[in-house]
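*Asks:* Could you have a look at this structure, given as C-alpha coordinates, before my questions?
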Amino acid sequence: MCLQDDCIFCKILEKKIPSTPVYEDNLVYAFNDINPKAAIHVLIIPKKHIQNVTELSHNDPQTLLHIIDVAQQIADKEFHGSYRLIFNTGKEVGQSVFHVHAHVLTGEYLSE
Ligand code: 5GP
Ligand code: ZN
(Lines give C-alpha, C1' and ligand atoms only; values in the text may rest on other atoms or scores of the structure.)
(Ligands and ions follow the chains in the order given, each with its own letter.)
Protein backbone atom coordinates (compact mmCIF):
# COMPACT_ATOMS: atom_id res chain seq x y z
CA MET A 1 0.00 0.00 0.00
CA CYS A 2 1.09 3.55 -0.70
CA LEU A 3 -0.67 6.04 1.54
CA GLN A 4 -0.73 9.82 1.57
CA ASP A 5 -1.34 11.69 4.84
CA ASP A 6 -3.78 14.33 3.65
CA CYS A 7 -5.86 12.04 1.42
CA ILE A 8 -9.35 11.17 2.63
CA PHE A 9 -9.44 7.90 0.63
CA CYS A 10 -6.06 6.82 2.04
CA LYS A 11 -7.61 7.41 5.48
CA ILE A 12 -10.57 5.24 4.46
CA LEU A 13 -8.09 2.51 3.40
CA GLU A 14 -6.38 2.79 6.80
CA LYS A 15 -9.82 2.61 8.52
CA LYS A 16 -9.18 5.99 10.13
CA ILE A 17 -12.43 7.08 8.46
CA PRO A 18 -15.26 4.52 8.52
CA SER A 19 -16.84 3.28 5.29
CA THR A 20 -19.27 0.58 4.23
CA PRO A 21 -17.32 -2.12 2.37
CA VAL A 22 -18.66 -3.66 -0.83
CA TYR A 23 -15.58 -5.53 -2.11
CA GLU A 24 -11.89 -5.81 -1.25
CA ASP A 25 -8.81 -7.63 -2.52
CA ASN A 26 -5.06 -6.97 -2.64
CA LEU A 27 -5.38 -4.31 -5.39
CA VAL A 28 -8.62 -2.43 -4.75
CA TYR A 29 -11.25 -1.47 -2.19
CA ALA A 30 -14.89 -0.71 -3.01
CA PHE A 31 -17.27 1.09 -0.65
CA ASN A 32 -20.57 2.96 -0.72
CA ASP A 33 -20.45 6.64 -1.66
CA ILE A 34 -21.51 8.79 1.30
CA ASN A 35 -23.74 10.91 -0.98
CA PRO A 36 -25.30 8.41 -3.42
CA LYS A 37 -26.49 9.61 -6.84
CA ALA A 38 -28.23 6.31 -7.71
CA ALA A 39 -29.82 3.38 -5.85
CA ILE A 40 -26.36 1.77 -5.83
CA HIS A 41 -23.39 4.17 -5.88
CA VAL A 42 -20.09 2.47 -5.14
CA LEU A 43 -16.60 3.94 -5.30
CA ILE A 44 -13.75 1.62 -6.34
CA ILE A 45 -10.25 2.81 -5.44
CA PRO A 46 -6.79 1.31 -5.87
CA LYS A 47 -4.91 0.63 -2.65
CA LYS A 48 -2.00 2.65 -4.09
CA HIS A 49 -2.41 6.44 -3.95
CA ILE A 50 -2.60 7.55 -7.59
CA GLN A 51 -4.09 10.91 -8.53
CA ASN A 52 -6.38 10.18 -11.47
CA VAL A 53 -7.37 7.64 -14.11
CA THR A 54 -4.81 8.85 -16.66
CA GLU A 55 -1.99 8.32 -14.17
CA LEU A 56 -3.45 4.93 -13.30
CA SER A 57 -3.60 3.90 -16.97
CA HIS A 58 0.08 4.84 -17.42
CA ASN A 59 1.44 3.49 -14.12
CA ASP A 60 -0.75 0.49 -13.37
CA PRO A 61 -2.98 -0.52 -16.29
CA GLN A 62 -3.68 -3.93 -14.74
CA THR A 63 -5.38 -2.28 -11.78
CA LEU A 64 -7.48 -0.14 -14.12
CA LEU A 65 -8.64 -3.27 -15.96
CA HIS A 66 -9.32 -4.91 -12.63
CA ILE A 67 -11.49 -1.96 -11.53
CA ILE A 68 -13.67 -2.54 -14.60
CA ASP A 69 -14.02 -6.24 -13.70
CA VAL A 70 -15.03 -5.36 -10.14
CA ALA A 71 -17.60 -2.84 -11.44
CA GLN A 72 -19.05 -5.56 -13.66
CA GLN A 73 -19.23 -8.00 -10.76
CA ILE A 74 -21.14 -5.45 -8.65
CA ALA A 75 -23.56 -4.81 -11.52
CA ASP A 76 -24.02 -8.54 -12.18
CA LYS A 77 -25.08 -8.93 -8.57
CA GLU A 78 -27.18 -5.76 -8.30
CA PHE A 79 -28.73 -4.91 -11.66
CA HIS A 80 -28.60 -7.43 -14.53
CA GLY A 81 -25.00 -6.48 -15.36
CA SER A 82 -25.81 -2.86 -16.27
CA TYR A 83 -23.83 -0.02 -14.77
CA ARG A 84 -22.46 3.47 -15.42
CA LEU A 85 -18.76 4.05 -14.76
CA ILE A 86 -17.47 7.59 -14.16
CA PHE A 87 -13.94 8.86 -13.49
CA ASN A 88 -14.00 12.60 -12.83
CA THR A 89 -10.56 13.84 -13.85
CA GLY A 90 -9.62 17.39 -12.86
CA LYS A 91 -11.30 19.87 -10.53
CA GLU A 92 -13.01 21.69 -13.41
CA VAL A 93 -15.25 18.66 -14.06
CA GLY A 94 -15.90 17.88 -10.43
CA GLN A 95 -13.01 15.77 -9.17
CA SER A 96 -12.88 16.61 -5.47
CA VAL A 97 -10.78 13.73 -4.14
CA PHE A 98 -7.42 13.31 -5.85
CA HIS A 99 -7.09 9.58 -5.23
CA VAL A 100 -8.44 7.94 -8.36
CA HIS A 101 -11.90 6.44 -7.90
CA ALA A 102 -14.40 4.85 -10.22
CA HIS A 103 -17.99 5.84 -9.53
CA VAL A 104 -20.18 2.79 -10.20
CA LEU A 105 -23.84 3.79 -10.59
CA THR A 106 -26.35 0.98 -10.85
CA GLY A 107 -29.32 -0.60 -9.10
CA GLU A 108 -31.99 1.38 -10.97
CA TYR A 109 -32.81 2.58 -14.48
CA LEU A 110 -30.73 5.69 -15.28
CA SER A 111 -31.68 8.38 -17.79
CA GLU A 112 -29.22 9.06 -20.61
P1 5GP B 1 -15.35 13.15 -7.08
O2 5GP B 1 -16.20 14.38 -6.95
O3 5GP B 1 -13.92 13.41 -6.61
O4 5GP B 1 -15.43 12.46 -8.40
O5 5GP B 1 -15.99 12.11 -6.07
C6 5GP B 1 -15.72 12.06 -4.71
C7 5GP B 1 -16.82 11.25 -4.10
O8 5GP B 1 -16.42 10.85 -2.80
C9 5GP B 1 -18.16 11.99 -3.95
O10 5GP B 1 -19.18 11.29 -4.66
C11 5GP B 1 -18.38 12.01 -2.45
O12 5GP B 1 -19.74 11.84 -2.11
C13 5GP B 1 -17.53 10.86 -1.96
N14 5GP B 1 -17.00 11.04 -0.62
C15 5GP B 1 -16.37 12.15 -0.13
N16 5GP B 1 -16.01 11.94 1.14
C17 5GP B 1 -16.41 10.69 1.47
C18 5GP B 1 -16.32 9.92 2.67
O19 5GP B 1 -15.77 10.33 3.69
N20 5GP B 1 -16.85 8.67 2.65
C21 5GP B 1 -17.46 8.17 1.52
N22 5GP B 1 -17.95 6.93 1.61
N23 5GP B 1 -17.56 8.86 0.38
C24 5GP B 1 -17.04 10.12 0.35
ZN1 ZN C 1 -4.94 8.52 -1.31
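The values are calculated or read from the model by the stated rules, or taken from the named source; none is laboratory data. All figures in this text were calculated on a predicted structure; none of them were measured in a lab. Positions of Cβ are backbone-derived with ideal geometry, glycine not excepted, and every protein chain shown enters the neighbour counts. These accessible areas exclude ligands, DNA and RNA; they are computed on the full protein's heavy atoms, side chains included. Shrake-Rupley method; radii C 1.70, N 1.55, O 1.52, S 1.80 Å.
*Asks:* Could you pull out every one of the lysines with an alpha carbon less than 22 Å from that of LYS11, ignoring same-chain neighbours closer than 8 positions?
*Replies:* Answer for LYS11, where 22 Å is the Cα cut-off: LYS47, LYS48, LYS91, listed by chain and number.
*Asks:* Once both labels are modelled 7 Å past Cα along the beta-carbon direction, what's the GLN51-ASP76 spacing in nm?
*Replies:* Computed distance between label sites GLN51 and ASP76 equals 3.5 nm.
*Asks:* Can you pull out the chymotrypsin sites (Phe, Trp or Tyr not before Pro) in segment 47-112 that DSSP calls coil and that have at most 11 other Cβ atoms within 10 Å?
*Replies:* Counting only loop positions with at most 11 other Cβ atoms within 10 Å, the chymotrypsin sites (Phe, Trp or Tyr not before Pro) in segment 47-112 are TYR109.
*Asks:* Determine how large the accessible area of SER111 is when every protein chain is in place; take a 1.4 Å probe and give Å² rounded to the nearest 10.
*Replies:* Ignoring ligands and nucleic acids, SER111 comes out at about 100 Å².
*Asks:* Please give the per residue accessible area of the chain, computed with a probe of 1.4 Å over protein heavy atoms only, in Å². Present the calculation step by step, with values, prior to reporting the outcome.
*Replies:* Values: 6640 Å² over 112 residues.
Averaged over the residues of the chain, the accessible area is 59 Å².
*Asks:* Now for a different question. Which longest run of the chain has no exposed loop site in it, a site being trypsin sites (Lys or Arg not before Pro) in a DSSP loop with at most 14 other beta carbons within 10 Å, and the site itself not part of the run?
*Replies:* 38-112
*Asks:* Can I ask one more? Sticking with the crude label model, points 7 Å out along Cα→Cβ, report the distance from ASN26 to CYS7 in nm, one decimal please.
*Replies:* The two pseudo-label positions are separated by 2.0 nm.
*Asks:* Dimensions of the chain along principal axes (Cα, Å, largest first)?
*Replies:* If we take the Cα atoms of the chain, the spans are 37, 27, 27 Å.
*Asks:* If you don't mind, there's one more thing I want to ask. Just to check I understand the Karplus step: with θ = phi - 60° and J = 6.51 cos²θ - 1.76 cosθ + 1.60, what whole-Hz values come out for segment 81-97, glycine and proline as x?
*Replies:* x, 9, 7, 10, 10, 10, 10, 5, 10, x, 5, 5, 10, x, 6, 10, 10
*Asks:* Specify the residue with the greatest mean-square fluctuation among LEU85, LEU65, LEU43, computed from a Gaussian network of the chain linking alpha-carbon atoms under 10 Å apart.
*Replies:* Looking only at LEU85, LEU65, LEU43, the largest GNM fluctuation is found for LEU65.
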